[in-house]
């Protein structure tokens, strides 16, 4: 099924937006349901109309208002901005300006509003990675209290929070909800299923490496497969492009930091065991005490950001990027690298954000004529320091966040919009376009049962218990905006060769501790803020159980693969 966005103008015409000021109108709602939703919903038409009528009634006193919201530029948010925002405006009479900017810019503007107290945006779709920030600073509206208090009259009776699959990631340690999930996507292993199942490729791999070509369970197998396919002649399969065994990106850009904080270090085995995040040391290498207060990031304070496992993680990423990836990958960002596997010359990718599945299904180079994919998705392999019970991967949960600095009337209007774009009426259609699931009812709908074989394992993954093992950044991170920018700047030095991995990570953890020390002195986070440990000989901490872990005498491991079909069965179990 090929899903494309309708143009803003076409949608506006369908809803009557070009005929004058928006006025709350059931006729507009019916046009929207006819033209855009149809039966692509878990609700009946009668239930859809009832939900739309509630939005009309709730917005009666807000007609003529104009609000500003912002999100990063991905397919899901393009659909919201271009289709759902005009529909909401026509239905409720509230005009929504839904801006689309880079994720780094979203975080920056959120930070500006938090620091200045000036209302820059009425609502942000910002990652749940900031849950530790919002919980500690107390500047984001506590949605649990909001829905029971000031926001009760604009909280939909059909919101059904229990249907959301990601609220555990947007809930603070105090048990309160601070963000409402709007889209979710995981980092999964991506590979060319057709190439892996080709008899000649299987025979040649077995002869060269001594084991079966399959989905890699560990990094040793991933590296062998990357080496095997890089430069391989696949003309016997009708492929005439230069082939690469790995795809990644390395440009010194804010997105480079996500590449590592989004669980790459945990997949390597840097942190501690624990779900959804390692404790007491998480995937950023930050250690917390029994009160959830950060106490260090460097090994000499009990952190792991510059530990042997972290150095191994960065070294491997650089090695694979240099040896097995397109030469242009080193100069690419997240958004530039994402579509490259769709060009048909990449054998596998350790680390694919599944938000890029949506454009992949429109790429003829990697899709069969019947609409089924030539690729599949699977769990990412793990590094030599990884142990059972550790975090296995990252899941992005972009979530609606309303700051306390937003005036109440504007916050209410923004909350209505946030509920509209996540409502059961629209969620199946929105998920059909962006493939970023947030509702259990949507994932298990008949619509996605019918579409599952076109999505390479994505539906099976999200229907399985495994989906909860992929998690966002947790609450160990006390100030995401301040700390995240340190990652891309320092990792960028390792990528460019300005420093070796150890030197870059030494500087990174020192920079993080400098920020945490300033937070501690300022006392702005009260009893939840950092309380840094005294520095000790690193050997003291390396000798303790868990992270930080001492260097292995031999970082080589026995490569291991598994058949894709066995993996899917394990998800279902």
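The values are calculated or read from the model by the stated rules, or taken from the named source; none is laboratory data. Since the structure is predicted, the reported quantities are computational estimates derived from the model, not experimental observations. We place every Cβ from the backbone using ideal geometry, glycine too, and count neighbours over all the protein chains shown.
Remarks
- Top-ranked residue of segment 420-429 - restricted to ones that are touching a strand residue (DSSP E or B) at 6+ places or on another chain (Cβ under 8 Å) and in a helix (DSSP H, G or I), ranked as surrounded by the fewest Cβ atoms within 10 Å (Cβ to Cβ): 424
- Scope segment 387-416; condition outside any strand (DSSP E or B) and crowded, with 22+ Cβ neighbours inside 10 Å; matching residues: 391, 394, 402, 406, 411, 412, 413, 414, 415, 416
Each row is one residue, and each column tells you yes or no for (1) touching a strand residue (DSSP E or B) at 6+ places or on another chain (Cβ under 8 Å); (2) at negative phi; (3) touching a residue at least 60 places away in the same chain (Cβ under 8 Å); (4) buried (at least 16 other Cβ atoms within 10 Å of the Cβ).
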residue	(1), (2), (3), (4)
466	no, yes, yes, yes
472	yes, yes, yes, yes
476	yes, yes, yes, yes
487	no, yes, yes, yes
512	no, yes, yes, yes
521	no, yes, no, no
530	yes, yes, yes, yes
537	no, yes, yes, no
554	no, yes, no, no
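- Scope segment 289-315; condition in contact with a strand residue (DSSP E or B) (Cβ under 8 Å, 6 or more places away or on another chain) and buried (at least 24 other Cβ atoms within 10 Å of the Cβ); matching residues: 294, 296, 297, 302, 303, 304
- Being over 28 Å from the mean Cα position of the chain (by Cα), assigned to a helix (DSSP H, G or I) and closer than 22 Å to residue 428 by Cα holds for only one residue in 82, 53, and it is 53.
- Residue satisfying all of: in segment 139-158; free of Cβ contacts under 8 Å to residues at least 60 places away in the same chain and assigned to a loop (DSSP other than H, G, I, E, B); surrounded by the most Cβ atoms within 10 Å (Cβ to Cβ) among these: 142
- The helices (runs of 4 or more DSSP H) located wholly in segment 191-272 that include 1 or more residues which are free of Cβ contacts under 8 Å to residues at least 12 places away in the same chain occupy 199-209.
- From 170, 230, residue being assigned by TED's automatic domain parsing to the domain that holds residue 51, at pLDDT 95 or above and surrounded by 17 or more Cβ atoms within 10 Å (Cβ to Cβ): 170
- Looking across segment 356-400, the residues that are touching a helix residue (DSSP H, G or I) at 6+ places or on another chain (Cβ under 7 Å) and farther than 22 Å from residue 225 by Cβ come down to 358, 359, 361, 371, 372, 390, 391, 397, 399, 400.
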